[in-house]
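> Just passing along the structure, written as structure tokens.
The values are calculated or read from the model by the stated rules, or taken from the named source; none is laboratory data. Just so it is clear, the structure is predicted and the values come from calculations on it, not from any experiment. Reconstructed Cβ throughout: ideal geometry from the backbone, glycine too, with neighbour counts over all protein chains shown. These area figures cover heavy atoms from the full protein model, side chains too; ligands, DNA and RNA do not enter into them. Shrake-Rupley method; radii C 1.70, N 1.55, O 1.52, S 1.80 Å.
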Amino acid sequence: MNIYLEEYHRKLTSPEKAVQRIHNGDNVVHGVTFAEPPALLHAIAKRARAGDLSKVFIYSFNPQQHAAESYLALDIQDSIFARSWFLGPSARRLAAVGLVQFIPSSLHQVPKFLRENMTVDVCVTTVSPMDKAGFFSFGTANDLTSTAASLAKTLIVEVNKNMPRVFGNAMAHISEVDAVVENHVPLMQQPPPEAKEQDAVIGRLISEIVPDNAVLQLGIGTLPNAICPFLENHKDLGVHSELFGPGMKDLIVKGVITGRKKTLHPRKHVFSVAYGTDDTFAFMDDNPSMASYPSDYVMDPKIIAQNDNMVSVNSIIQVDLTGQCNAEYLSGQMYSGTGGQLDFVRGAYAAKNGKSILTFYSTAMSGKVSRVVPFLDKNAAVSTPRMDVQYLCTEYGLVNLKNKSEDERALAIIDLAHPDFREDLIRCAEEMRIV
């Protein structure tokens with residue numbers, strides 16, 4: 001028998017036995033998004049529910065379904081203390097009442113936090129099956145997982161045959177693993193959001209300033225992915241992105257994204273986290289063009305800037321008349337987090353011929369509320385400062401704010417608003433003595 005298989009079978013155990021390695025007071029970091037390990041997280045919750053585990057701090061980024069159904073359950077919040085660097089639907093309401101503590105961060109800094117600002121006692125994550133050389137792949141999620149795994153005093157992996165095997169800096173060896181659990185359940189699915197009417201207008205506007213040979217970063221949400229269908233006549237695009245999703249996969253299959261002209265990692269599609277459905281995961285599996293790296297590399301502005309013709313597209317919630325952008329707060333409450341937005345805004349603009357684009361719908365609540373506002377909402381965070389904003393885009397146009405004066409910026413931003421709100425916005429700008 002292969003020596004690595006022998007070691008694998010020695011370490012193979014049940015989820016219940018594996019999590020016995022977690023002790024009261026430990027800091028636990030788990031694989032994020034589709035790499036959440038359901039069997040291990042439910043076993044942790046079971047121990048807490050039985051009174052066998054207390055004061056455990058669990059760290060995540062954008063906790064999803066498996067987190068919500070296990071350690072985020074309300075009945076064990078006196079034993080489990082959840083911390084997250086980004087909030088998704090599973091954690092927003094808990095965060096609003098203090099049951100999930102949000103940690104403000106730029107995503108490229110999170111691995112540094114792990115190394116320098118905390119002790120990682122345990123890392124638990126879903127991985128692909130072990131290869132003949134003894135390596136597991138972190139698959140769909142590597143933004144902080146590989147760093148946590150390398151730092152952890154105890155590394156527990158949940159092997160799932162449905163997790164794609166991905167290359168890059170995305171591997172852990174059996175010799176580094178303390179316990180192995182097998183759980184071959186379907187991965188979570190996240191198809192592209194259904195397109196809205198405005199998406200076609202916005203997609204066309206953005207596609208017109210994306211040159212051939214551009215390197216793409218597309219952020220989370222409906223709008224960034226919506227530009228993909230409008231890039232199908234472009235040539236030799238590349239990928240250097242926090243997220244890899246279905247729209248990018250489709251452009252690779254159609255020969256639009258090749259990576260041939262990239263100045264950094266040519267022919268490699270560089271990313272940290274992937275989402276989509278089974279067809280996306282099947283495309284990624286054992287595909288040597290897919291290169292996954294942790295966030296302190298992929299989202300480091302200095303690294304991003306090494307990609308000539310870098311084009312970054314991210315969505316925001318609000319912009320005020322000075323150009324300050326809020327991508328985190330909604331209705332006075334924390335909604336998501338900074339993630340890699342500011343990292344890519346700065347890195348893309350610093351790149352040779354780079355472009356940073358922030359996009360949003362002009363209104364919310366069926367047209368009742370303008371997303372262009374005189375001032376950001378009370379308590380809202382400034383996700384991207386006004387001096388960093390380059391392009392802004394809505395269904396009413398696309399503007400470049402760089403090197404514009406305050407009055408020019410304000411008027412350009414007002415032109416992006418829905419016509420029903422422009423008169424009031426002009427009046428506010430006058431009262432603020434901006435114009």
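> Can you pull out the residues in the range 75-93 that are modelled with pLDDT of 90 or more, within 25 Å of A50 (Cα to Cα) and among the hydrophobic types (A, V, I, L, M, F, W, C)? Reasoning before the result, please.
Restricting attention to the range 75-93, the residues satisfying the condition of being modelled with pLDDT of 90 or more are 75-87.
Narrowing further to those that are within 25 Å of A50 (Cα to Cα): 75-84.
Selection gives I76, I80, F81, A82.
> Considering only residues of the range 209-222 that are among the polar types (S, T, N, Q) and not in a helix (DSSP H, G or I), which is surrounded by the fewest Cβ atoms within 10 Å (Cβ to Cβ)?
Here the answer is N213.
> Going by the conditions given, is K196 open to solvent by 10 Å² or more (accessible area, probe 1.4 Å), in contact with a Ser or Thr (Cβ under 9 Å, 6 or more places away or on another chain) and without any contact (Cβ under 8 Å) to a residue 40 or more places away in the chain?
On the way: open to solvent by 10 Å² or more (accessible area, probe 1.4 Å): yes; in contact with a Ser or Thr (Cβ under 9 Å, 6 or more places away or on another chain): yes; without any contact (Cβ under 8 Å) to a residue 40 or more places away in the chain: no.
Taking the combined requirement at face value, the residue does not satisfy it.
> Could you check A82 against (1) small (G, A, S); (2) within 22 Å of R21 (Cα to Cα); (3) part of a helix (DSSP H, G or I) and say which number it fails?
(3)
> Let me ask another. Quick test of your reading of the structure: V32 fulfils all but one of (1) in contact (Cβ under 8 Å) with a residue 40 or more places away in the chain; (2) over 17 Å from L94 (Cβ atoms); (3) among the aliphatic types (A, V, I, L, M). Name the failing condition by number.
For V32, the exception is condition (2).
> Looking only at the range 251-285, how many residues end up being farther than 26 Å from F61 by Cβ and open to solvent by 40 Å² or more (accessible area, probe 1.4 Å)?
The qualifying residues number 8.
> When you scan the range 233-345 for strands (runs of 3 or more DSSP E) that lie fully inside it, which ones turn up with 2 or more residues that are hydroxyl-bearing (S, T, Y)?
Values: elements: 238-244, 269-274, 290-292, 310-315, 318-320.
Hits in the range 233-345: 310-315.
So that you can scan it fast, the table gives a plain yes or no per residue for (1) open to solvent by 10 Å² or more (accessible area, probe 1.4 Å); (2) among the aliphatic types (A, V, I, L, M); (3) under 22 Å from the mean Cα position of the chain (by Cα):
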{"position": "Y293", "(1), (2), (3)": "yes, no, yes"}
{"position": "Q306", "(1), (2), (3)": "yes, no, yes"}
{"position": "S315", "(1), (2), (3)": "yes, no, yes"}
{"position": "V319", "(1), (2), (3)": "no, yes, yes"}
{"position": "G347", "(1), (2), (3)": "no, no, yes"}
{"position": "P374", "(1), (2), (3)": "yes, no, no"}
{"position": "G397", "(1), (2), (3)": "yes, no, no"}
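> Continuing with the same structure: Could you list, in sequence order, the residues of the range 144-161 that are under 16 Å from A39 (Cβ atoms) and open to solvent by less than 20 Å² (accessible area, probe 1.4 Å)?
Those that are under 16 Å from A39 (Cβ atoms) and open to solvent by less than 20 Å² (accessible area, probe 1.4 Å): L155, I156, V157, E158, V159, N160.
> Within the range 116-155, how many residues are touching a Phe, Trp or Tyr at 6+ places or on another chain (Cβ under 8 Å) and free of Cβ contacts under 8 Å to residues at least 24 places away in the same chain?
Matching residues across the range 116-155 total 0.
> Can you pull out the residues in the range 399-409 that are in a loop (DSSP other than H, G, I, E, B), open to solvent by 30 Å² or more (accessible area, probe 1.4 Å) and touching a helix residue (DSSP H, G or I) at 6+ places or on another chain (Cβ under 9 Å)? Break it down stepwise before answering.
We begin by selecting, within the range 399-409, every residue in a loop (DSSP other than H, G, I, E, B); these are 401-405.
Right, trim to open to solvent by 30 Å² or more (accessible area, probe 1.4 Å) and you get 402-405.
If the condition is that a residue be in a loop (DSSP other than H, G, I, E, B), open to solvent by 30 Å² or more (accessible area, probe 1.4 Å) and touching a helix residue (DSSP H, G or I) at 6+ places or on another chain (Cβ under 9 Å), then K402, K404 are the ones that fit.
> With respect to L114, determine if the residue is out of contact with any His (no Cβ under 9 Å at 6 or more places or on another chain), assigned to a strand (DSSP E or B) and modelled with pLDDT of 95 or more. Before you say what the answer is, go through the steps one by one.
On the way: out of contact with any His (no Cβ under 9 Å at 6 or more places or on another chain): yes; assigned to a strand (DSSP E or B): no; modelled with pLDDT of 95 or more: yes.
When the stated conditions are applied, L114 does not pass them.
> OK, next. Which condition from (1) among the polar types (S, T, N, Q); (2) outside any loop (DSSP other than H, G, I, E, B); (3) out of contact with any strand residue (DSSP E or B) (no Cβ under 8 Å at 6 or more places or on another chain) is the one that N225 breaks?
If we test N225 against (1) among the polar types (S, T, N, Q); (2) outside any loop (DSSP other than H, G, I, E, B); (3) out of contact with any strand residue (DSSP E or B) (no Cβ under 8 Å at 6 or more places or on another chain), just (3) comes out false.
> Here is a follow-up. State the number of residues belonging to the range 85-102 that are among the charged types (D, E, K, R) and part of a loop (DSSP other than H, G, I, E, B).
Applying the first criterion (among the charged types (D, E, K, R)) to the range 85-102 yields 92-93.
With the extra rule that they be part of a loop (DSSP other than H, G, I, E, B), the set shrinks to none.
Matching residues across the range 85-102 total 0.
> Restrict the check to the range 216-228 and report whether at least one residue is among the hydroxyl-bearing types (S, T, Y) and in contact (Cβ under 8 Å) with a residue 40 or more places away in the chain. Don't jump to the end; show me each part of the working.
Narrowing the range 216-228 to residues among the hydroxyl-bearing types (S, T, Y): 222.
Filter once more, keeping what is in contact (Cβ under 8 Å) with a residue 40 or more places away in the chain: 222.
Yes, the range 216-228 has at least one match.
> Every residue in the range 43-61 that is in contact with a strand residue (DSSP E or B) (Cβ under 6 Å, 6 or more places away or on another chain) and either surrounded by fewer than 16 Cβ atoms within 10 Å (Cβ to Cβ) or in a helix (DSSP H, G or I) (or both), please.
If we filter the range 43-61 for residues that are in contact with a strand residue (DSSP E or B) (Cβ under 6 Å, 6 or more places away or on another chain), which is where we start, we get 48, 56-60.
Selection gives A48 alone.
> Filter the range 28-42 for residues that are surrounded by fewer than 24 Cβ atoms within 10 Å (Cβ to Cβ) and more than 22 Å from the chain's Cα centre (by Cα); which is farthest from M171 (Cα to Cα)?
H42
> Counting only residues that are on the phi > 0 side of the Ramachandran plot and surrounded by 21 or more Cβ atoms within 10 Å (Cβ to Cβ), how many does the range 321-341 have? Outline the logic, then answer.
So the first thing to find is which residues in the range 321-341 are on the phi > 0 side of the Ramachandran plot, and the list is 323, 331-332, 337, 339.
Restricting the remaining residues to those that are surrounded by 21 or more Cβ atoms within 10 Å (Cβ to Cβ) gives 323, 337, 339.
Counting residues in the range 321-341 that are on the phi > 0 side of the Ramachandran plot and surrounded by 21 or more Cβ atoms within 10 Å (Cβ to Cβ) gives 3.
> I'm trying to understand the selection: among the residues of the range 358-369, which are surrounded by 22 or more Cβ atoms within 10 Å (Cβ to Cβ) and either acidic (D, E) or in contact with a helix residue (DSSP H, G or I) (Cβ under 6 Å, 6 or more places away or on another chain) (or both)?
Once the filter is applied, which keeps residues that are surrounded by 22 or more Cβ atoms within 10 Å (Cβ to Cβ) and either acidic (D, E) or in contact with a helix residue (DSSP H, G or I) (Cβ under 6 Å, 6 or more places away or on another chain) (or both), the range 358-369 yields only T359.
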